[in-house]
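*Asks:* First the structure, which I've put down as structure tokens, then a few questions once you've had a look.
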Amino acid sequence: KMARWRRVRASRRQGWGEPAEEEKQILVDAARQMRETHKAGKIKAFLESCITTNEVVRPSFGETCYFQYPLKNPYSEDRVFVITFADPELHVVTSADEWRALNA
């Protein structure tokens, strides 16, 4: 296919006029294949950018910092989500008692 594609481009550069039906079909097929191979990656990147949030917290040295970030599941069924930290000392508060103490 690539050899035919090169011939089509070369014929256009040499001014041979309109490409034949076969050459037009080659161009259409190549465009369709390119679109299909890139479509999934572009959709995935777009969706990840919509559902990914980065928060930066910069406490002073030695300061204990507590912050809340509300999470809401936009789907009608249960979904799994991931919270990642660059600092191993950070953790998610999952205990209601600990949350009440920090929130007071």
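The values are calculated or read from the model by the stated rules, or taken from the named source; none is laboratory data. Values in this document were obtained by computation on a predicted structure and should not be read as measured data. Positions of Cβ are generated from backbone atoms using ideal geometry, with glycine treated the same way; all protein chains shown enter the neighbour counts. Surface areas here come from the heavy atoms of the whole protein model, side chains and all, with no ligands, DNA or RNA. Shrake-Rupley method; radii C 1.70, N 1.55, O 1.52, S 1.80 Å.
*Asks:* Run the accessible area of the chain with a 1.4 Å probe and give the carbon-and-sulfur part as a rounded percent.
*Replies:* After summing per-atom areas, the C and S share lands at 55 percent.
*Asks:* Along Cα→Cβ, 7 Å out, is where each label goes; now give me the distance between the ones at Thr84 and Arg35 in nm to one decimal.
*Replies:* So the label points at Thr84 and Arg35 sit 3.4 nm apart.
*Asks:* Could you order Ser60, Ser95, Ser76 by accessible surface area, starting with the largest, using a probe radius of 1.4 Å?
*Replies:* Ranking Ser60, Ser95, Ser76 by accessible area, largest first, yields Ser76, Ser60, Ser95.
*Asks:* Shifting gears a bit: How many Å² of accessible area per residue for the chain, probe 1.4 Å?
*Replies:* Each residue of the chain exposes 97 Å² on average to a 1.4 Å probe.
*Asks:* Which residue, Pro70, Pro88, Pro59, has the most motion in a Gaussian network model of the chain that connects Cα atoms within less than 10 Å?
*Replies:* Looking only at Pro70, Pro88, Pro59, the biggest GNM fluctuation is shown by Pro70.
*Asks:* Take Trp5, Trp99 and sort them by solvent-accessible surface of the protein heavy atoms, 1.4 Å probe, largest at the top. List each step's numbers first, then the result.
*Replies:* Details: Trp5 70, Trp99 110 Å².
Most to least solvent-accessible, the answer reads Trp99, Trp5.
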